[in-house]
Structure formats: structure tokens, C-alpha cells
Amino acid sequence: MNLYTRMIVVLTVVGLISGACLSVVGLLTRERIELNRQKEIEEAIGTVVPGTKSYSAAVEEKDLTVYKAKGEQDNLIGYAVYARGTGFQDIITLMFGTDPDLDKINSLTILEQKETPGLGAKITDGQAFLQFWEDREINQGLTLRKPAVDTKEELASSEVNTITGATISSQKVLDIVNFSLEQVRSLKNQGKLEGED
Amino acid sequence: MELLTILILSILVNNFVLYYFLGICPFLGVSKKLDSAVSMGLAVTFVMTITAVVSWLINHLILIPNDLGYLQIVSFILVIASLVQLVEMFIRKISPPLYQALGIYLPLITTNCAIMGLALLAALKNYNFITTVVFGFGSGIGFTLAIVLMAGIREQLELADVPEPLKGAGIALIVAGIMALAFTGFSGMIQ
Amino acid sequence: MPAKSIGQEYMKGLWAENPVFRQLLGMCPTLAVTNAVINGIAMGLATSFVLILSSLVVASIKKLIPNQVRIASYIVIIATFVTIADRFMAAFFPPISKALGPYVPLIVVNCIILGRQEAFASKNSVGRSLVDAMGMSTGFILALLLLSSIRELLGAGTFLGYQVLGEWFKPWIIMILPAGAFITLGILLGLALFIEMKTQRGRA
């Protein structure tokens with residue numbers, strides 16, 4: 001066969017074989033990857049809304065997903081809010097859990113962040129940051145306590161603590177949470193949180 | 001996220017070269033003279049913006065609707081290779097003077113990790129169409145900024161007394177490191 | 001020029017033609033993922049996987065591919081293996097896959113791989129290409145290991161996540177940041193050239 005035909009044949013064959021291999025690999029790994037993702041969300045929901053037996057997504061937008069967490073009798077025991085926003089260095093993804101009336105936050109967990117290691121990255125640390133996010137009252141909106149305090153007792157119930165040397169990352173996390181809370185509240189008022197059950 | 005935010009993010013805070021480490025080969029290779037640096041930067045910005053558009057289209061019109069996510073790498077690289085080829089031919093025909101200025105750098109851009117990196121990052125960040133285009137354009141400008149700054153410094157370095165082993169790539173990297181340090185100061189700019 | 005022995009074919013990848021320190025290839029991943037030793041190793045292994053298999057395939061079918069479409073074919077072959085590596089990691093090692101982020105797919109434009117296909121695998125036997133790929137891979141992994149060890153040790157006081165340097169050591173955060181990567185690599189490159197120059201002079 002002449003050169004031109006050969007070029008086309010070779011490229012097509014290479015392409016086909018590649019496509020076939022990739023389809024096989026794609027199928028084999030697809031389930032596992034999806035499973036990993038689910039597991040991550042599930043674990044996070046379980047952490048921020050303790051006692052969750054099952055959950056369903058009520059609202060799914062690009063940077064915000066609200067999950068309804070349900071207990072033993074399939075009753076609503078809280079919401080788990082998954083939110084994405086800009087941090088100091090890159091994007092921060094987090095999840096926080098609230099009670100069904102959106103009166104308080106149970107706790108917060110950071111899913112993805114690329115903040116400065118050793119400083120901003122401490123937002124994932126329980127001791128340095130996350131413990132101060134437990135049982136916060138959110139009716140009046142949360143505020144950041146600066147300069148940082150040493151113990152939880154020193155914080156007002158609607159305050160969260162800064163990380164010394166990482167004020168901006170701490171503030172960014174707060175901004176993401178406050179912003180999402182606003183959206184969740186308005187969604188609730190519009191009755192959009194009823195979703196699937 | 002506002003477009004202006006994305007623009008500033010991609011040019012300064014998440015600078016393609018100094019934060020994402022993409023495009024190092026041309027960054028080191030073409031930054032010796034100021035005018036070639038500018039040309040390379042412009043060529044890259046041009047290709048990046050087009051790539052942003054095309055990769056978004058492929059991802060959202062073909063791959064995602066048909067659950068073909070795993071074909072992303074192969075389709076992106078093939079598209080980029082053909083795109084660069086087409087762009088080169090197009091520029092040659094439409095504007096010979098532009099080709100004179102940019103042309104030789106275009107083939108170098110195919111294996112430039114910056115372009116593939118842009119396509120992958122844009123897909124990862126999952127922006128909408130307009131935002132993706134702004135991201136592509138901004139990243140290109142950021143690359144141009146970094147490479148032009150580097151060229152300016154290197155032209156001065158030619159006259160300095162650099163120790164023998166560090167000449168060339170060694171000192172270039174150290175300079176890049178200092179630049180990266182300076183750019184770190186831009187973090188947290190975005191409200 | 002006398003043909004290299006198999007041993008020499010392998011060893012050249014470690015020093016004389018080390019892809020990072022001598023050929024100045026593959027710098028993007030070298031700088032990007034060396035903030036922790038485990039990341040460097042994972043990236044090194046993934047790249048080796050792609051390099052070795054691609055070289056094997058290219059060397060096997062080199063006679064069948066017309067010259068004009070060789071780059072395109074190499075790219076498709078490399079991209080296939082990269083996708084396999086990327087998917088495999090996402091499925092079975094999610095935390096590492098997340099840490100390496102977009103840099104695994106970027107292996108496809110790692111100049112080391114395309115470079116070896118063009119310079120070697122397309123012109124040599126399957127056996128030699130395999131050895132060459134293994135040598136280059138080893139050299140690359142060593143470079144990553146070196147850089148990431150320095151960065152993790154000085155930047156966090158740990159090695160592979162284990163605390164090595166005690167409380168007395170205040171980590172140099174800059175090492176984990178991009179700036180540290182550039183500066184460390186620059187110094188290492190200088191060191192490599194320095195050693196090379198000294199040994200040349202010794203022989204001359």
C-alpha cells in the first residue's frame with residue numbers, strides 16, 4: 001500500500017487499540033473511583049452530623065451541596081453543607097453540619113485545601129483550629145476572634161478562633177461558611193430544601 | 001467567582017510558572033533575551049486562550065455527556081498538537097509578519113506542559129465557559145509576565161560574575177526561586 | 001563508536017545522562033511534586049511505568065510506523081499509558097492521587113518520555129530500549145528522591161511523614177513552597193555540574 005494509506009491505517013489502528021485499552025481500564029476503575037468519592041462524602045457527613053444513618057442531597061449546585069442527614073427513624077437530624085470557595089492560596093473545600101433549624105453548627109471538617117504548609121494548612125488541625133468550630137451558634141452569623149485565644153471557654157458562642165500566623169486562611173474559612181449559611185437559609189425559606197426524601 | 005478575581009488569581013497569585021511549575025522548559029530555554037521572551041509569551045497566551053475554549057467545548061459537549069472522562073488526557077493532547085499545527089499554518093497565511101515574530105516558537109509549544117496543564121487545570125476547576133476563557137488568557141499573561149521578568153534579569157546576569165557550575169540553568173532556577181518568593185506575597189490578595 | 005554494554009546502557013541514566021540533572025528534562029514534575037518524599041516516589045513510579053511501557057511498545061512497532069506520523073503515534077501511545085496510570089492511582093490510592101493532582105496527566109508532556117522515544121526507542125532494539133528506559137527511570141526517581149528528601153526534611157522535619165528532626169528544629173517553610181523547589185534544584189544542578197567539572201579535570 002502506498003505511503004498515504006499506510007499513514008492513515010497506522011494512525012487508525014493505534015487509535016483503536018488505544019481506545020479499546022482505555023475503555024477497559026475506564027470501566028474497571030470507574031466504579032472504584034466513584035466509590036472513593038462517595039466514601040469521602042459519607043465520612044464527612046458522619047463526622048459533622050453525628051448519628052447520621054442515611055443522607056440525601058437536597059440541593060446540588062457547583063460550589064454548594066446541601067445534604068439532609070437522617071437518623072434511625074429516617075427523621076431529619078441535621079444538614080451537612082458541602083461548600084467550595086477561595087482560600088489564601090487556592091481553593092478550599094469544606095463541610096459543616098448543622099441542626100435541622102439552622103441554629104447551630106455541630107462541627108466543621110476541611111476536605112481539600114492548598115494553604116501554606118505549617119501555617120494556613122493548620123485549618124485541618126483539630127487542636128489548632130477545628131475544635132473551636134464545635135457547637136457554634138449561627139443565628140447572628142459567626143465572627144472571627146482576633147488575636148487568638150487559648151481555650152474554647154474564652155470564646156463567645158458565636159465566635160471562632162484564629163490560627164496565629166494564619167489569620168487570612170482562618171478568615172477565608174469563615175467567609176465560606178458564612179456565605180454558604182446565607183445561601184442555605186434562603187434556600188430553606190424558599191422551601192427548596194425539601195428535595196428528595 | 002468574579003472574572004476580575006480569576007484574572008488576578010491566574011496572573012499573580014497562582015502564576016503558572018512560579019506557582020504551578022508549568023512551562024519551565026520554555027521558561028528556562030527562551031528567557032535569555034527580552035524580545036524572544038516577549039514573543040514566546042505572546043505565542044503562549046494566544047495558544048492558551050484558544051486551548052481554553054476548545055478544551056472546554058470538548059469536555060462539556062463530548063466527554064462529560066457521554067461519560068468518557070477517561071479519554072480526557074488522550075483527546076486533550078491530540079487536540080493541542082493539532083491546534084498548534086493549525087495555528088501555525090493559519091498565522092503563516094494570514095499574517096507573515098506575525099509569523100516571523102511568533103512562528104518558530106509555536107511548534108515548541110506542543111510539548112510545553114503549560115498548554116496541557118492549562119487544559120487539565122481548567123477541567124479540574126470546572127469553571128463555566130467565560131470563566132475558563134478568562135482563566136486561559138490570564139494564565140498566558142502570567143506566563144508572559146514571569147518569562148519577561150526572567151529575561152530582564154538574565155540579560156543583566158550576563159554581565160555579572162556567576163560561579164562556573166551555576167551558569168545557565170542553575171542560576172536561572174535560583175532567580176526563579178526568588179521571583180517565586182516575591183510572588184508568594186500576592187497570596188491573600190483576593191477577597 | 002563502540003556499542004555500549006547493557007550495563008552501561010542502564011547506568012548512563014543514573015549520572016552521565018541523568019534526565020533531570022544533565023539533560024534538564026522533566027523539570028515541571030520534579031519541582032511540583034517534590035514537597036514530600038512519598039509524592040516524589042509516587043510520581044517517579046508512575047513516570048517509570050509510562051516510560052518503560054511506552055519504550056517497549058515503540059521499540060516493538062517502530063518498523064511499522066511511517067516517519068511522518070511517528071510523533072503523533074508516540075503521543076497516543078504515551079497518553080494511553082498515562083491515562084491507565086492516572087486512573088489506577090485514582091481508584092486505588094486516592095490520597096496520593098489527590099496530592100499529585102494534575103501532575104499525573106501531565107506525565108504525557110514530560111519531555112523525558114517523548115524524548116526517549118524519539119532519541120532511542122525508535123532506533124534501537126526492544127531489549128536495549130527496555131534497559132535505556134529503566135536507566136532513565138531510575139535516574140529520574142533518584143533525582144526526585146534527592147530533591148524531595150531535602151525539601152521534606154528541611155521544610156517539615158519529617159521523612160515519609162515520620163518526624164525525624166526533633167522539637168529543636170524550626171522547619172524552613174520556604175522549602176515546601178515553590179520558591180524552595182526552584183532554589184534547591186538550582187543549587188543541586190550547580191552541584192552536579194561542579195562535580196562533573198572536577199572529575200573532568202581530574203582525568204584530563
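Odds and ends about this structure:
- Summed over all non-identical Cα pairs, the Kirkwood treatment of the range A:44-189 gives a radius of 15.2 Å.
- Once the Kirkwood radius over Cα pairs is known for the protein assembly as shown, the Stokes-Einstein relation at 20 °C and 1.002 mPa s delivers a diffusion coefficient of 83 µm²/s.
- Figure note: A:Arg32, C:Arg201, C:Arg116, B:Arg92 ranked by solvent-accessible area, largest first, 1.4 Å probe, ligands and nucleic acids not counted: C:Arg201, B:Arg92, A:Arg32, C:Arg116.
- When only the Cβ of Lys, Arg, Asp and Glu is charged (+1, +1, -1, -1), the dipole of the protein assembly as shown relative to its Cα centre reaches about 2620 debye.
- In a DSSP loop and with at most 13 other Cβ atoms within 10 Å, the GluC sites (Glu not before Pro) in the range A:22-114 are A:Glu61, A:Glu72.
- Spacing of the two label points (7 Å from each Cα toward its C-beta) at A:Val9 and A:Cys21, in nm: 2.1 nm
- nm² value of the averaged projected area, convex hull over the Cα atoms of the range A:105-163: 4.1 nm²
- Put simply, the amide H of A:Lys104, placed in the peptide plane, has neighbours under 5 Å in A:Asp99, A:Ile138, leaving out anything fewer than 5 places away on its chain.
- In the range B:20-173, the portion of solvent-accessible area held by carbon and sulfur atoms comes to 69 percent [1.4 Å probe, whole percent, DNA, RNA and ligands not counted].
- Residue among B:Ala182, B:Val84, B:Leu18 farthest towards the positive dipole end of chain B, charges placed on Cβ: B:Val84
- Whole-number D in µm²/s for chain C (Stokes-Einstein; Kirkwood sum over Cα pairs; 20 °C, 1.002 mPa s): 120 µm²/s
- If you run the Gaussian network model on chain C, springs between alpha carbon atoms under 10 Å, then out of C:Leu56, C:Leu147, C:Leu64 the most flexible one is C:Leu64.
- Probing with 1.4 Å while keeping every protein chain in the model, the per residue accessible area of the range C:6-203 equals 40 Å².
- By DSSP, the beta bridges lying fully in the range A:89-180 are antiparallel in about 75 percent of cases.
- Accessible surface, 1.4 Å probe, highest first, among residues B:Val148, C:Val104, C:Val131: B:Val148, C:Val131, C:Val104
- Sites B:Leu157 and B:Lys93 - FRET efficiency at Förster radius 41 Å, r taken between beta-carbons, to 0.05: 0.60
- Only DSSP H runs of four or more residues enter the estimate; each adds -39500 (n - 2.57), and after division by the residues of chain B the mean residue ellipticity at 222 nm equals -22000 deg cm²/dmol.
- Listed residues C:Lys123, C:Lys170, C:Lys62, most fluctuating in chain C (Gaussian network, C-alpha, under 10 Å): C:Lys170
- Computed over protein heavy atoms with a 1.4 Å probe, the carbon and sulfur contribution to the accessible area of chain C reaches 71%.
- About the centre of its Cα atoms, chain A shows a dipole size close to 840 debye [charges on the beta carbon of Lys, Arg (+1) and Asp, Glu (-1) only; nearest 20 debye].
- Chains C and B together bury some 3000 Å² of accessible area, summed over both sides, with a 1.4 Å probe.
- Estimated translational diffusion coefficient (Stokes-Einstein, Kirkwood radius over Cα pairs, 4 °C, 1.567 mPa s) of the range C:85-190: 80 µm² per second.
- The range A:137-197 versus the range A:1-62: alpha-carbon centroid distance in Å: 34 Å
- For chain B, the fraction of alpha-carbon pairs lying more than 21 Å apart is 52 percent, rounded to a whole number.
- For the range C:6-203, a simple Cβ point-charge model (Lys and Arg +1, Asp and Glu -1, everything else neutral) yields a dipole of about 460 debye relative to the Cα centre.
The values are calculated or read from the model by the stated rules, or taken from the named source; none is laboratory data. In this text, all values refer to a predicted model and were calculated from it rather than measured experimentally. Every residue, glycine among them, receives a Cβ derived from its backbone with ideal geometry; neighbour counts consider all protein chains shown. Just so you know, the surface numbers come from the protein's heavy atoms only, side chains and all, with ligands and any DNA or RNA stripped out. Shrake-Rupley method; radii C 1.70, N 1.55, O 1.52, S 1.80 Å.
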